[in-house]
Amino acid sequence: MSATIDFYIAQAEKCTAEADASPLTQVRDRNLRAAAAWQAMADKLLHTEKLRAEKDRHAAAARG
């Protein structure tokens, strides 16, 4: 897992914790939306890295 994915996940966790700690509905909602966005970025990057690794494996197998 790359440092970027780790960063995205850490930000999502931070936003979730801030949402849980907030008594204000608007702040909680904003942090939950931010957490969802950070998690989506992490998921997308992880998916991209898996596809790239699979492509590299296929290319290596084709070379022999």
Open item on the list: Condition first: exposed (fewer than 13 other Cβ atoms within 10 Å of the Cβ) and basic (Lys, Arg). Now tell me which residues in region 4-58 satisfy that.
Closed with: ARG33, LYS44, LYS50, ARG52, LYS55, ARG57
Open item on the list: For region 33-49, check the following and say yes or no: at least one residue is touching an Asp or Glu at 6+ places or on another chain (Cβ under 6 Å) and modelled with pLDDT of 95 or more.
Closed with: no
- [ ] Looking only at region 37-64, count how many residues are within 14 Å of PHE7 (Cα to Cα) and not charged (D, E, K, R).
- [x] 8
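The values are calculated or read from the model by the stated rules, or taken from the named source; none is laboratory data. What you see is a predicted model; the values in this text were computed from it and never measured. Note that each Cβ is placed from the backbone with ideal geometry, even for glycine, and that neighbours are counted across all protein chains shown.
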